[in-house]
Structure formats: structure tokens, C-alpha cells
Amino acid sequence: MNLQDAEVLCAFARFCDPAGKIWGLMDQTDNPDARALAIREASHCPGGRLVVSDQKTGKKLEPELPPSIGIVEDPALKCSGPLWVRGGIPVQSENGTAYEIRNRVTLCRCGASDNKPFCNGAHATIKFRDGLV
């Protein structure tokens, strides 16, 4: 398997790496358990930073997600996170710039990301609270 790591899309949600370092698993993907864990961890990356693909076919091993938008909350850090856009919903800027359509992406809600409209995890640093929870 190959791992695409678009670090600029990291939302610092920590859903993607609960069982260890996915980067270390990539050397072990001949092992079915390691392969399954790597796919699971990448698939749980809300921002789409991590995407695994089959090395032979190049096919992305992505979950099929219905189009939906949610809010990420981070109770461990006591802060509110990004909008979580799933299922290939197009994202367009106010001036009409269309961004790459992705299966998973997170959009900044706190205003502090230096990668707007995408979340870069700045909400955790500034302890953003939306007041909804």
C-alpha cells in the first residue's frame, strides 16, 4: 500500500491514529492485520490528510461516505473543532474558486487557520469554543 499524507489538511482531530503510528504500519502491510489497521486509521482521518491506496492498482482505499456535514468537537481538549464535510461535497470560495473535490475534508470554524478555508488544527491552540456544547 501507499500512504498519501497531505499534512496541510491535518485538523488535529486525532481520530486517525488511535492504535499507533500509521506511518510505521506502511512497512508491514503484507500482514493482513497491519493492512486492515492502516486502512482503518487512514479512513478515520476527518480532514482527508491520510489516504491509503493499493500499490499495484493505485486505487484509493476510501470508505464510501454519503454526502454530509458535521461538527467536530474535542472534549479531551475542551474545544470546538472544524466543520467535517464528507462524501465529495464540492467546496467553493466566496470569490468562486473551486477546490479539489475530496471524500473527506475539514473546514475552519475558528478563524485562526492559516490554511483557510481548511482547518489546520489551530482551534486546539486557541481553545476555540463555539458555545454549542
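The values are calculated or read from the model by the stated rules, or taken from the named source; none is laboratory data. What you are looking at is a predicted structure, and each value in this text was computed from that prediction instead of being measured. Here Cβ is always computed from backbone atoms with ideal geometry, including for glycine, and neighbour counts include all displayed protein chains. All accessible areas refer to the heavy atoms of the entire protein, side chains included, with ligands and DNA or RNA removed. Shrake-Rupley method; radii C 1.70, N 1.55, O 1.52, S 1.80 Å.
Are there any pairs, at least 6 apart or on different chains, whose C-beta atoms fall under 9 Å, with the first in the range 107-119 and touching a residue at least 40 places away in the same chain (Cβ under 8 Å) and closer than 15 Å to A13 by Cβ and the second of a type outside the set (A, V, I, L, M, F, W, C) and assigned to a loop (DSSP other than H, G, I, E, B), and if so, which? That search, which allows pairs on different chains as well, returns F118/G47; F118/Y99; C119/P46; C119/G47; C119/R109; C119/S113. Mind listing just one residue for me: the one in the range 63-75 that is open to solvent by less than 60 Å² (accessible area, probe 1.4 Å), closer than 22 Å to I101 by Cα and not hydrophobic (A, V, I, L, M, F, W, C) and, of those, modelled with the lowest pLDDT? Here the residue is P63. Of all residues in the range 1-49, those satisfying the criterion of being out of contact with any helix residue (DSSP H, G or I) (no Cβ under 7 Å at 6 or more places or on another chain), in a helix (DSSP H, G or I) and either within 24 Å of T125 (Cβ to Cβ) or of a type outside the set (A, V, I, L, M, F, W, C) (or both) are E7, V8, L9, W23, G24, D27, P32, D33, R35, R40, S43.
Any idea which of K56, K78, K21, K60 is under 26 Å from L132 (Cβ atoms), basic (K, R) and loosely packed, with under 14 Cβ neighbours inside 10 Å? Even if it seems obvious, please write down each step before you answer.
Numbers: K56 fails: under 26 Å from L132 (Cβ atoms); K21 fails: under 26 Å from L132 (Cβ atoms); K60 fails: under 26 Å from L132 (Cβ atoms).
Checking each option against the conditions leaves just K78.
When W84 is tested against (1) open to solvent by less than 50 Å² (accessible area, probe 1.4 Å); (2) touching a Ser or Thr at 6+ places or on another chain (Cβ under 8 Å); (3) under 10 Å from A11 (Cα atoms); (4) of a type outside the set (D, E, K, R), just one condition goes unmet, and that condition is (1).
When the range 105-123 is filtered for residues that are open to solvent by less than 30 Å² (accessible area, probe 1.4 Å) and either touching an Asp or Glu at 6+ places or on another chain (Cβ under 8 Å) or among the hydroxyl-bearing types (S, T, Y) (or both), the ones remaining, listed by number, are T106, S113, A122, H123. Could you tell me whether V52 is among the aliphatic types (A, V, I, L, M), within 23 Å of A124 (Cβ to Cβ) and outside any loop (DSSP other than H, G, I, E, B)? No, not satisfied.
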